[in-house]
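Notes follow once the structure below has been shown.
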Amino acid sequence: GDSVTQMEGPVTLSEEAFLTINCTYTATGYPSLFWYVQYPGEGLQLLLKATKADDKGSNKGFEATYRKETTSFHLEKGSVQVSDSAVYFCALSDSGGGADGLTFGKGTHLIIQP
Amino acid sequence: KAGVTQTPRYLIKTRGQQVTLSCSPISGHRSVSWYQQTPGQGLQFLFEYFSETQRNKGNFPGRFSGRQFSNSRSEMNVSTLELGDSALYLCASSFRDRGKDTQYFGPGTRLTVL
């Protein structure tokens, strides 16, 4: 079945550092890929997405590129802020209709220190 | 547009009781999915509804059920509650764009079973 693997952390960085959170996936079809972010006590917020190979999703300074050859969707940000502290989830949807639900990684807890 | 809303935000129940959670999707979204989030199992897909029909169901016992109304609002019900049902229950609504769905999540309902 489908699966998503990501580093769990916690990942601790200093403010203005470069961020990479690795995400690799296994899927039978041609999935859409997503990054969601969860702040304490809240639900999931869509951060960015990519629906086909070589697509780059970007939002709020975060970027991720859909790499079919390496089955990866790594999240990057050039300069992190304390406000980026949260849990980040990589996810895939292997059904264009969304009926099968999203498959999530276990989440990466990111801590940014001032 | 208003986001996905879930009520109630917090619930405390005792073992053996049943509970009903409610979700109102983003206006115009016809698909609603439910997920369970726990520290041990992470985010797991429960079921998905589209136009009042359940299209798919995750690997959960029959105590977990749901329905969708003609206005796309959805409810999920858990009967005969067990301690292990304590979790954050997340609802997501989605729309289809060029054959691909993107899911938007509500704030969740935190269920505690004593």
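The values are calculated or read from the model by the stated rules, or taken from the named source; none is laboratory data. Nothing here was measured: the structure is a model prediction, and the numbers come from that model. As a convention, Cβ positions derive from the backbone with ideal geometry for all residues, glycine included, and neighbour counts pool all protein chains shown. We work out accessible area using only protein heavy atoms, side chains counted, and drop any ligands, DNA or RNA first. Shrake-Rupley method; radii C 1.70, N 1.55, O 1.52, S 1.80 Å.
In the stretch A:59-89, which residue that is among the β-branched types (Val, Ile, Thr) and surrounded by 14 or more Cβ atoms within 10 Å (Cβ to Cβ) is nearest to the other protein chains (Cβ to nearest Cβ)?
Narrowing the stretch A:59-89 to residues among the β-branched types (Val, Ile, Thr): A:65, A:70-71, A:80, A:82, A:87.
Then drop every residue that is not surrounded by 14 or more Cβ atoms within 10 Å (Cβ to Cβ), which leaves A:65, A:71, A:80, A:87.
Working: A:Thr65: 17, A:Thr71: 18, A:Val80: 23, A:Val87: 10 Å.
Once the filter is applied, the top-ranked residue is A:Val87.
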Give the residue that is nearest to the other protein chains (Cβ to nearest Cβ), with candidates limited to residues of the stretch B:70-112 that are open to solvent by 10 Å² or more (accessible area, probe 1.4 Å) and among the aromatic types (Phe, Trp, Tyr). B:Phe105
Subset of the stretch B:12-30, residues crowded, with 17+ Cβ neighbours inside 10 Å and either in contact with a Lys or Arg (Cβ under 8 Å, 6 or more places away or on another chain) or within 18 Å of B:Leu88 (Cα to Cα) (or both), comes to B:Val19, B:Leu21, B:Cys23, B:Ser24, B:Pro25, B:Ile26
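Every residue, every condition in (1) within 15 Å of A:Ala27 (Cα to Cα); (2) among the charged types (D, E, K, R), yes or no:
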{"position": "A:Tyr39", "(1), (2)": "no, no"}
{"position": "A:Glu42", "(1), (2)": "no, yes"}
{"position": "A:Lys52", "(1), (2)": "yes, yes"}
{"position": "A:Lys60", "(1), (2)": "no, yes"}
{"position": "A:Glu63", "(1), (2)": "no, yes"}
{"position": "A:Lys68", "(1), (2)": "yes, yes"}
{"position": "A:Thr71", "(1), (2)": "yes, no"}
Considering the stretch B:31-69, residues that are open to solvent by less than 30 Å² (accessible area, probe 1.4 Å) and of a type in the set (Gly, Ala, Ser), and then whichever is farthest from the other protein chains (Cβ to nearest Cβ), we arrive at B:Gly66
Mind checking which residues of the stretch A:1-58 are in contact with a Cys (Cβ under 9 Å, 6 or more places away or on another chain) and either within 11 Å of chain B (Cβ to nearest Cβ) or not in a loop (DSSP other than H, G, I, E, B) (or both)? A:Val4, A:Thr5, A:Gln6, A:Ile21, A:Cys23, A:Thr24, A:Tyr25, A:Leu33, A:Phe34, A:Trp35, A:Tyr36, A:Gly43
